[in-house]
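Colleague: Sharing a structure with you now.
The values are calculated or read from the model by the stated rules, or taken from the named source; none is laboratory data. This structure is a prediction, so every number in the text was calculated from the model and none was measured. Cβ atoms come from the backbone with ideal geometry, glycine included; neighbour counts cover every protein chain shown. These accessible areas exclude ligands, DNA and RNA; they are computed on the full protein's heavy atoms, side chains included. Shrake-Rupley method; radii C 1.70, N 1.55, O 1.52, S 1.80 Å.
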Amino acid sequence: MRGGSQAHLLETNEGTQYVVKFQNNPQHRRILVNEWITTSILQYLGISTPLINRINLSTIFLRENPNLHIQLGFSRIPPPAGEHFGSLYSTEGPIYDFIPDKFIHRIQNIRDFWGILVIDKWLGNNDSRQAIFTRAPIGCVAHMIDHGYVFGGGEWVFQDSPLRGHYFRPDVYRGIECLEDFDPWLDQVRNFPETVLLRIMRSVPSAWLEGDEENLLNLIDQLIRRRAQVERLILEMKSIFPNWERNYPVH
């Protein structure tokens, strides 16, 4: 698959396909933790994102598939046996990573782009927002993917910037005219239950942490404190919303 993590499309014994990121991917082992936590939060809030799973690669499978590898320079490095991160790949129809501008208004869940922006600012996504699209009876549905660079990627630091975390097509934000348009997600983040964050943290596979348990706990503590900052982070980037300044001039 395309991308810096060098993910692979694999089929399980049950015939289900997953986009799999390996523990030894070039971006960092923590990328798997970031993906797991973010997807769990999105599922809790009802924002469209593929289902996730732990994908176990056995020594037998790796031995029978010697071409499965990570490319680092001239070196081909196989993934280790054990659990890796899997994002469900739909086989029910075509998947698109781009749709023409004239079809953006036909995205049935376009408001999910508003919700994911709130989450991306809360989690400190240092990458641009990634999404894929599947067909629907009328138009298409967006699914949010590739959350590896929340928490600053492998660094686990928050480097907030108005230029980070948003989707590169401003038209998805055309319906935003004021801060209230980010509800209910803004309110949900402000009041996101600490117990849910801790439960998500405890569900992270231990093999992906390798001594990072205390660092992850510190990260969750920072997320709890950052809940109150998301409104300010949204306001700092209001220039990207096409209809905000026209209706609510910046003073």
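Colleague: Out of ILE77, ILE70, I need the residue that is over 30 Å from LEU233 (Cα atoms), touching a residue at least 40 places away in the same chain (Cβ under 8 Å) and touching a Lys or Arg at 6+ places or on another chain (Cβ under 8 Å). Which one?
Modeller: The match here is ILE70.
Colleague: Out of the stretch 192-217, which residues are open to solvent by 70 Å² or more (accessible area, probe 1.4 Å) and more than 22 Å from ASN56 (Cβ to Cβ)? Step through it out loud before you land on a result.
Modeller: Keep residues of the stretch 192-217 that are open to solvent by 70 Å² or more (accessible area, probe 1.4 Å), which gives 194-195, 199, 202, 206, 210, 213-214.
Correct list: GLU194, THR195, ARG199, GLU214.
Colleague: What tally of residues in the stretch 172-216 results from selecting those that are closer than 30 Å to GLN23 by Cβ, of a type in the set (A, V, I, L, M) and over 20 Å from the mean Cα position of the chain (by Cα)? Give the derivation first.
Modeller: At the first step, the residues of the stretch 172-216 found to be closer than 30 Å to GLN23 by Cβ are 189, 192-216.
Retained after the next criterion (residues that are of a type in the set (A, V, I, L, M)): 189, 196-198, 200-201, 204, 207, 209, 216.
Subsequent filtering for residues that are over 20 Å from the mean Cα position of the chain (by Cα) retains 207.
Within the stretch 172-216, residues that are closer than 30 Å to GLN23 by Cβ, of a type in the set (A, V, I, L, M) and over 20 Å from the mean Cα position of the chain (by Cα) number 1.
Colleague: Moving to a separate point now. Go through the stretch 165-199 and give me each residue that's among the acidic types (Asp, Glu), without any contact (Cβ under 8 Å) to a residue 40 or more places away in the chain and more than 19 Å from PHE151 (Cα to Cα). Show your work before the answer.
Modeller: Of all residues in the stretch 165-199, those among the acidic types (Asp, Glu) come to 171, 177, 180-181, 183, 187, 194.
Those left that are additionally without any contact (Cβ under 8 Å) to a residue 40 or more places away in the chain: 180, 183, 187, 194.
Passing the criteria: GLU180, ASP183, ASP187.
Colleague: Filter the stretch 152-185 for residues that are acidic (Asp, Glu) and under 27 Å from ASN215 (Cα atoms); which is least open to solvent (accessible area, probe 1.4 Å)?
Modeller: Among residues in the stretch 152-185 that are acidic (Asp, Glu) and under 27 Å from ASN215 (Cα atoms), the one least open to solvent (accessible area, probe 1.4 Å) is ASP160.
Colleague: Looking only at residues that are part of a loop (DSSP other than H, G, I, E, B) and out of contact with any strand residue (DSSP E or B) (no Cβ under 6 Å at 6 or more places or on another chain) in the stretch 97-110, which one is least open to solvent (accessible area, probe 1.4 Å)?
Modeller: ILE110
Colleague: Among all residue pairs at least 6 apart or on different chains, which show Cβ distances below 7 Å where the first residue, located in the stretch 35-54, is at negative phi and the second is surrounded by 19 or more Cβ atoms within 10 Å (Cβ to Cβ) and among the acidic types (Asp, Glu)?
Modeller: ILE47/ASP112; SER48/ASP112
Colleague: Follow-up. Which residues, counting only those in the stretch 132-150, are closer than 22 Å to SER90 by Cβ, out of contact with any Cys (no Cβ under 6 Å at 6 or more places or on another chain) and open to solvent by less than 10 Å² (accessible area, probe 1.4 Å)? Lay out the reasoning, then the answer.
Modeller: To start, the set of residues in the stretch 132-150 that are closer than 22 Å to SER90 by Cβ comprises 132-148.
Narrowing further to those that are out of contact with any Cys (no Cβ under 6 Å at 6 or more places or on another chain): 132, 134-148.
Within the stretch 132-150, ALA142, MET144, HIS147, GLY148 qualify.
Colleague: Then there's this: Give the stretch 111-131 a look and list any residue that's within 11 Å of the chain's Cα centre (by Cα), outside any loop (DSSP other than H, G, I, E, B), surrounded by 19 or more Cβ atoms within 10 Å (Cβ to Cβ) and not small (Gly, Ala, Ser), or say none.
Modeller: ILE116, LEU117, ILE119, ASP120, LEU123
Colleague: Can you pull out the residues in the stretch 200-228 that are closer than 20 Å to ILE116 by Cα and free of Cβ contacts under 8 Å to residues at least 12 places away in the same chain?
Modeller: The answer is ARG225, and nothing else.
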